[in-house]
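Shown next, in structure tokens, is the structure this report addresses.
The values are calculated or read from the model by the stated rules, or taken from the named source; none is laboratory data. Worth saying up front: this structure is predicted, and the values here are computed from it rather than measured. No Cβ is skipped: glycine too gets one built from the backbone with ideal geometry, and neighbour counts run over all protein chains shown.
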Amino acid sequence: MIIGEIRRYLRDNNIVRVSRSIRDLAYKTIQVRERLTKENGKEPSIEIIAKELGVEPEEIAFSLDAIQDPVSLQEPVYNDGADSVYIMDQVKDIKNTDELWAENITIIEAMKKLSDKEKVILNKRFFDGRTQMEVAEEIGISQAQVSRLEKSAIDHIKRIWK
């Protein structure tokens with residue numbers, strides 16, 4: 001009973017609570033990876049491990065991430081005696097800067113003023129990454145019309161933005 005309580009304490013009293021099933025999958029993944037590495041002489045891919053365990057590759061990746069110990073952003077990465085470099089100094093989010101946030105709001109507001117067809121075309125072209133030909137086929141107009149509507153919508157946004 002005491003050993004069971006010790007195991008429960010060690011399992012449940014971590015900084016981040018990870019369910020037992022996810023933790024078990026991570027440990028099984030590690031065992032299968034080690035076994036397959038020994039057998040084949042090279043490290044197997046996540047897909048091979050997932051197939052061996054009968055789960056999706058995403059579950060494998062998720063479970064392995066879940067058992068990693070969290071790291072503080074205030075933890076020093078480098079220290080030369082005088083100045084320390086912290087993880088926070090090394091992590092940069094170029095996708096969510098204040099400037100991009102403001103631009104996104106402006107673009108969203110400008111797109112609200114476009115016609116439905118122009119919105120669809122710009123969304124498909126620039127957010128879904130489709131070509132003018134693909135957009136034309138999807139909405140049933142010519143590529144030239146898509147080009148004209150796209151140019152018109154962009155000009156409209158430029159006028160609003162100024």
Next item on the list: Please list, ordered by first then second residue, the pairs with beta carbon atoms under 7 Å, 6 or more apart or interchain, first in segment 45-59 and without any contact (Cβ under 8 Å) to a residue 12 or more places away in the chain, second buried (at least 16 other Cβ atoms within 10 Å of the Cβ).
Entry: Ala50/Ile60; Glu56/Ala50; Pro57/Ile46; Pro57/Ala50
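The rows are residues; the columns are (1) in contact with a Ser or Thr (Cβ under 6 Å, 6 or more places away or on another chain); (2) at pLDDT 85 or above; (3) over 30 Å from Ser152 (Cβ atoms).
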residue: Arg33; (1), (2), (3): no, yes, yes
residue: Asn40; (1), (2), (3): no, yes, yes
residue: Gly81; (1), (2), (3): no, no, yes
residue: Val85; (1), (2), (3): no, no, yes
residue: Lys95; (1), (2), (3): no, no, no
residue: Trp101; (1), (2), (3): no, no, no
residue: Lys117; (1), (2), (3): no, yes, no
residue: Lys124; (1), (2), (3): no, yes, no
